[in-house]
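The values are calculated or read from the model by the stated rules, or taken from the named source; none is laboratory data. Bear in mind that the values here come from a model prediction, so they are computed numbers and not experimental data. Neighbour counts are summed over all protein chains in view; Cβ atoms, including those assigned to glycine, are modelled from backbone coordinates with ideal geometry.
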Amino acid sequence: MADDISVSGYVVLGLIARYGPMTPYDLKAWLSRSIRWYWPIPHAQLYRYPVRLAELGLLTERVEDFGRRRRVFHLTEAGRAALAEWLADTETPDLETRDPAAVKLALADLVEPEPVAELAREQVRRHRGWLTTYQQRLAALDADAADGLSRSRMLAFGIAISQAYVDYWQHLIDDSAGP
């Protein structure tokens, strides 16, 4: 069954396992507060994944009897087991990076040097902003919360990556300044 589930499917299982039963709209909200920083999922897919996971027996779907009759998805024992098995598996696909700035850098020899320096300055500004955001979130984190350890690890990861980006792009700026 593991081959039938994408990483995004496991994200859906994980969010429901951590935060409880959810509608696709709830999934969108929790994703935007957490995992979307490193694993974005288009909103339309957040409405399809739970249905697919329910077809596989990993979630159950209950339609509210009142109001808007929202579809609420609950984790099944099979879903919890599949998630646990996936989390315990140390094998992962290769890293996928979709960075428009890296694409521009790869093609930078096609333009004059000044746009590259401007790109580098903008990337330093942007990644310093992310660095500050991650540092502030880490400082404000409730370490005793159920997801405190996981969130602190991810924020530390974000800080390390953002610092690496700042250092790299700053290096390009410094090299372009010349003697």
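Given (1) aliphatic (A, V, I, L, M); (2) modelled with pLDDT under 95; (3) more than 21 Å from the chain's Cα centre (by Cα); (4) under 26 Å from Asp147 (Cβ atoms), identify the lone condition not met by Ile41.
Of everything listed in (1) aliphatic (A, V, I, L, M); (2) modelled with pLDDT under 95; (3) more than 21 Å from the chain's Cα centre (by Cα); (4) under 26 Å from Asp147 (Cβ atoms), Ile41 misses just condition (3).
Restricting to helices (runs of 4 or more DSSP H) lying wholly in region 91-179: which have 3 or more residues that are in contact (Cβ under 8 Å) with a residue 40 or more places away in the chain and farther than 22 Å from Leu31 by Cα?
Passing ranges, in order: 113-140, 148-177.
Looking at region 66-98, which of the residues that are surrounded by fewer than 16 Cβ atoms within 10 Å (Cβ to Cβ) and more than 23 Å from the chain's Cα centre (by Cα) is nearest to Asp4 (Cα to Cα)?
Ala78
So which residues in region 130-178 are in contact with a helix residue (DSSP H, G or I) (Cβ under 8 Å, 6 or more places away or on another chain) and exposed (fewer than 11 other Cβ atoms within 10 Å of the Cβ), if there are any at all?
Asp142, Ala143, Ala146
Within region 108-121, is there a residue that is within 24 Å of the chain's Cα centre (by Cα), hydrophobic (A, V, I, L, M, F, W, C) and either surrounded by fewer than 11 Cβ atoms within 10 Å (Cβ to Cβ) or over 29 Å from Ile41 (Cα atoms) (or both)?
No.
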